[in-house]
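J.: First, the structure itself, so that you have it in front of you.
The values are calculated or read from the model by the stated rules, or taken from the named source; none is laboratory data. The structure displayed is predicted, hence computed values, not measured ones. Neighbour counts run over all protein chains shown; Cβ positions are idealised from the backbone, glycine included. These accessible areas exclude ligands, DNA and RNA; they are computed on the full protein's heavy atoms, side chains included. Shrake-Rupley method; radii C 1.70, N 1.55, O 1.52, S 1.80 Å.
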Amino acid sequence: MPSEITMPQLSDTMTEGKVVKWHKKEGDKVSAGEEVADVETDKAVMPMEAFESGTLAVIAVQEGQSAPVGAVLGVIASAKENAGEIKKNFKPSGGSPSSAPAPPATGAKTQAAPASSSAPKPQAPQAPTGAPKPQAPQAPTAPPKAGGSTRLSSSQAAPGPAPAPPQKRCDYDVIIIGGGPAGYAAAIRAGQLKKRVLCIEKENLGGTCLNWGCIPTKALLEDGAFVRKIRTEANARGVTVGDVKVDFPKIIARSRGIAEKLSKGIAHLFRKYEVKHEQGTAQLLAAHRVKVNNKEMTAEHIIIAVGARPVELPFAKFDGKQIITSREAMNLPQQPKRIAIIGAGAIGCEFADFYNALGTEVTIVEMLDNLLPNEDQEVSVLLERSFAKRGIKVMTKTKTDKIEKTPGGLKLTLSGANATTIEADVCLVAVGVTGNVENLAAPEAKLELFKNRVKVDHKYRTNLENVWAVGDCVSIHFDSDSSMAGYRHPDLAHVAHHEAVKLVDTLASFHEADHETIDYRFIPGCTYTHPQVASMGMTERKAREAGHEIRVGKFPFSASGRALAAGESEGFVKLIFDKKYGELLGAHMIGENVTELLAELVLAKKLEATEDEIIEAMHPHPTMSEAIMEAAGVADNRAIHL
Ligand SMILES: Cc1cc2nc3c(=O)[nH]c(=O)nc-3n(C[C@H](O)[C@H](O)[C@H](O)COP(=O)(O)OP(=O)(O)OC[C@H]3O[C@@H](n4cnc5c(N)ncnc54)[C@H](O)[C@@H]3O)c2cc1C
């Protein structure tokens, strides 16, 4: 099949580029990896390298001409093809970017991704004869340079798995079931390592995170915050605005558009790294065997990454209109006047924040003592106060017993601290998720589950040979003597991503010892309410319960010049250190943009930074990040601004 050379996207802002030089002319031989053209962007001139060997059959965009990102610049005929025929039949696309995927920025050297890039043709499916043994240890393959300029075609892939006799070779090195942050990250990483990869996804690439989770909700929250700021702060900042009207469908449409764009970006990355993608619902038949769209396929390794979905309350079935999940809540046809939200974890709180900002009457009901019950209590209490100030009805220590449909909408019967009934037009149930494991495996495969998730050990091994699982679908079980015994996999996109990459790196190198397990004791978590919440590690209570002698440093944003200037003085940074060596045990923050501050503390923890080192690291002024340095200073009685 001929392969196309397309205009790469080399920065976020790049929409088109100019071909300044062709190093080849039509009819010239081209080798994979050879520079074929120079492209000028608004920032630099970049060489573009061919992914495939063959003959340059068509130059579609001449030197000096510009073309939009994704437009076909040229076509390479493979050795078996007739370059003249390809040239004769070539129809210029008109450079229409509309037919081109919208790749995310990669900062790559080139993105000359052939749209028809050539993953190897799978051999006819064969049942593996006997359970294949794990591959022999191999030197890890160096990943290609960013941009794929060193990409080898699959036939050149080296050093690949120990070559098996052809008749026994599986169709793929890796089949991944699910294309969310776990599945697509695993697929891209395996593609980078020159593995023959197939990713099977039944809906949209990007999974929950890109399509129905992290990203679309953040778009909504940004818009909500924008509306709130105009309504509540414009006047105080000397800006007079008239009546602020909200175009709800437009807000929803912007969020959906971003999700769609990102999903296309994953498809682009799959092409770039030669990951094969099949749309369909996969079923695991046995170790090494998967069925999709009535076809059976084999792989050396199978990675299950099927994610999770919202849990239903036993007395209130989801109907998609009034009793809804987060999926419908981010895609309602019109803004509800009243919304009841059951569950005050991150998802419940974020929707409470969004709908309140737009003017919907919001009641949030939580059975446990606080909003965001897993956060440090001081953080939760401040969020509760902030929500209440803005008119969100917060009902903690309150259980929902019944939801009835009435002519006017819904009636919720509550018990506990707020034993009452409330009315709403819609009710979002956000009380947790359950793994997508129904029909995932044929009964004879005997895949072991635990509480509706795939049971894995600390290396993501299931009970079946060479079948692995990562992401939200797993229940992870550590050895009882492990420092992580009792910790669980938190349902977060970055956790899914890291598990997947770690697993693939381990499979590719088989130097398992080189790959330390993710430290589940220090997983960062963020909630994008206003104020935002960000944390990592032990809460103050947990640190004390674990027997640590601790020092706590808390620095309020009301003492931060940057926060005051931004009009965002609500909140604080609270750091927990072990007294003995100043080891960072936990970080808990609430305030404007604290989700962006958390990465500093994640890195500090990774590098085993102590209290002293955080204090002594020069933080730029004026920034919100100074509050971290000052909080560490408070713990050590040497904060300057408090
Ligand atoms: C409203 C909301 C907001 C969120 N916000 C955040 C946030 O801000 N930050 C954060 O870190 N996390 C957030 N999350 C959680 C995050 O989305 C998940 O942790 C993450 O998507 C998990 O990735 P995954 O790959 O394990 O599963 P998923 O993203 O769920 O992907 C699994 C994929 O597998 C597919 N699949 C299932 N079964 C099959 C099958 N048999 N065959 C083929 N395909 C199959 C599904 O269609 C799906 O696309 C949010 C979640 C929700 C619902």
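J.: Could you grab me the full set of residues in the stretch 306-341 that are more than 13 Å from the ligand (Cβ to nearest atom), in contact with a Leu (Cβ under 7 Å, 6 or more places away or on another chain) and either of a type in the set (Phe, Trp, Tyr) or under 18 Å from Lys405 (Cα atoms) (or both)?
T.: Once the filter is applied, which keeps residues that are more than 13 Å from the ligand (Cβ to nearest atom), in contact with a Leu (Cβ under 7 Å, 6 or more places away or on another chain) and either of a type in the set (Phe, Trp, Tyr) or under 18 Å from Lys405 (Cα atoms) (or both), the stretch 306-341 yields Gln322, Ile339, Ala340.
Matching residues to (1) of a type in the set (Val, Ile, Thr); (2) part of a loop (DSSP other than H, G, I, E, B); (3) modelled with pLDDT under 95:
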{"position": "Ile422", "(1), (2), (3)": "yes, no, no"}
{"position": "Cys427", "(1), (2), (3)": "no, no, no"}
{"position": "Lys459", "(1), (2), (3)": "no, yes, yes"}
{"position": "Ser480", "(1), (2), (3)": "no, yes, yes"}
{"position": "Arg488", "(1), (2), (3)": "no, yes, yes"}
{"position": "Asp491", "(1), (2), (3)": "no, yes, no"}
{"position": "His494", "(1), (2), (3)": "no, no, no"}
{"position": "His498", "(1), (2), (3)": "no, no, no"}
{"position": "Thr529", "(1), (2), (3)": "yes, yes, no"}
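J.: Taking the stretch 463-488 only, how many residues are within 15 Å of the ligand (Cβ to nearest atom) and either closer than 19 Å to Arg289 by Cα or of a type in the set (Phe, Trp, Tyr) (or both)?
T.: Adding up the residues that qualify gives 4.
J.: Next up: Among what's in the stretch 622-638 and is open to solvent by 20 Å² or more (accessible area, probe 1.4 Å) and in contact (Cβ under 8 Å) with a residue 24 or more places away in the chain, pick the residue that is farthest from Ile576 (Cα to Cα).
T.: Pro622
J.: Take the residues in the stretch 391-414 that are modelled with pLDDT of 95 or more and small (Gly, Ala, Ser), then tell me which one is most open to solvent (accessible area, probe 1.4 Å).
T.: Selected residue: Gly391.
J.: Test Phe318 against the criterion of being of a type in the set (Phe, Trp, Tyr), assigned to a helix (DSSP H, G or I), in contact with a helix residue (DSSP H, G or I) (Cβ under 9 Å, 6 or more places away or on another chain) and at pLDDT 95 or above, and give yes or no.
T.: Against the criterion (of a type in the set (Phe, Trp, Tyr), assigned to a helix (DSSP H, G or I), in contact with a helix residue (DSSP H, G or I) (Cβ under 9 Å, 6 or more places away or on another chain) and at pLDDT 95 or above), Phe318 does not qualify.
J.: Here is a check on your reading of the model: is Val437 under 25 Å from the mean Cα position of the chain (by Cα), at pLDDT 95 or above, closer than 30 Å to Leu464 by Cα and within 16 Å of the ligand (Cβ to nearest atom)?
T.: yes
J.: Which of the strands (runs of 3 or more DSSP E) found entirely inside the stretch 547-642 contain at least 1 residues meeting this: among the polar types (S, T, N, Q) and at pLDDT 95 or above?
T.: Hits in the stretch 547-642: none.
J.: Can you go through Asp491, Asp519, Asp505 and tell me which one is open to solvent by 30 Å² or more (accessible area, probe 1.4 Å) and within 16 Å of the ligand (Cβ to nearest atom)?
T.: One residue alone meets the criteria, Asp491.
J.: Right, next: Pairs under 6 Å by beta carbon, first residue in a loop (DSSP other than H, G, I, E, B) in the stretch 65-93, partner among the polar types (S, T, N, Q) and crowded, with 18+ Cβ neighbours inside 10 Å, six or more apart or different chains?
T.: Val69/Gln9; Gly70/Thr6
J.: When you go through (1) over 34 Å from the mean Cα position of the chain (by Cα); (2) farther than 14 Å from Ser3 by Cα one by one for Thr55, which number turns out not to apply?
T.: Looking at each condition in turn, Thr55 falls short on (2).
J.: Give just the number: which of (1) away from the ligand (no atom under 13 Å from the Cβ); (2) surrounded by 22 or more Cβ atoms within 10 Å (Cβ to Cβ); (3) assigned to a helix (DSSP H, G or I) does Ala352 not satisfy?
T.: (1)
J.: Continuing with the same structure: In this structure, does Leu269 turn out to be modelled with pLDDT of 95 or more and near the ligand (Cβ under 10 Å from one of its atoms)?
T.: For Leu269, the condition - modelled with pLDDT of 95 or more and near the ligand (Cβ under 10 Å from one of its atoms) - is not met.
J.: Continuing with this model, one more query. Looking at the stretch 362-372, is at least one residue within 17 Å of His530 (Cα to Cα) and either of a type in the set (Lys, Arg) or touching a residue at least 40 places away in the same chain (Cβ under 8 Å) (or both)?
T.: Yes, the stretch 362-372 has at least one match.
J.: Looking at this structure, is Ala534 in contact (Cβ under 8 Å) with a residue 40 or more places away in the chain, open to solvent by less than 10 Å² (accessible area, probe 1.4 Å), of a type in the set (A, V, I, L, M, F, W, C) and not in a strand (DSSP E or B)?
T.: For Ala534, the condition - in contact (Cβ under 8 Å) with a residue 40 or more places away in the chain, open to solvent by less than 10 Å² (accessible area, probe 1.4 Å), of a type in the set (A, V, I, L, M, F, W, C) and not in a strand (DSSP E or B) - is not met.
J.: If I go through the stretch 14-25 residue by residue, how many of them are open to solvent by 70 Å² or more (accessible area, probe 1.4 Å) and in a loop (DSSP other than H, G, I, E, B)?
T.: Within the stretch 14-25, residues that are open to solvent by 70 Å² or more (accessible area, probe 1.4 Å) and in a loop (DSSP other than H, G, I, E, B) number 3.
J.: Of everything in the stretch 285-308, what is surrounded by fewer than 17 Cβ atoms within 10 Å (Cβ to Cβ) and in contact with a strand residue (DSSP E or B) (Cβ under 8 Å, 6 or more places away or on another chain)? Give them in sequence order.
T.: Those that are surrounded by fewer than 17 Cβ atoms within 10 Å (Cβ to Cβ) and in contact with a strand residue (DSSP E or B) (Cβ under 8 Å, 6 or more places away or on another chain): Asn293, Glu296.
J.: Here's a follow-up. Which ones in the stretch 366-408 are in contact with a Cys (Cβ under 9 Å, 6 or more places away or on another chain) and part of a strand (DSSP E or B)?
T.: Thr400, Ile403
J.: Could you list, in sequence order, the residues of the stretch 37-52 that are under 18 Å from Lys87 (Cβ atoms) and of a type in the set (Gly, Ala, Ser)?
T.: Within the stretch 37-52, Ala37, Ala50 qualify.
J.: Would you point out the residue of the stretch 357-384, among those that are touching a Lys or Arg at 6+ places or on another chain (Cβ under 6 Å) and buried (at least 20 other Cβ atoms within 10 Å of the Cβ), that is farthest from Thr396 (Cα to Cα)?
T.: Selected residue: Ala357.
J.: If you don't mind, there's one more thing I want to ask. Answer with yes or no whether Ser560 is in contact (Cβ under 8 Å) with a residue 24 or more places away in the chain and surrounded by 15 or more Cβ atoms within 10 Å (Cβ to Cβ).
T.: In short, yes.
J.: Now a separate question. Given the residues Lys202, Lys229, which is the only one that is under 29 Å from Val306 (Cα atoms) and either out of contact with any His (no Cβ under 8 Å at 6 or more places or on another chain) or at pLDDT 95 or above (or both)?
T.: Lys202
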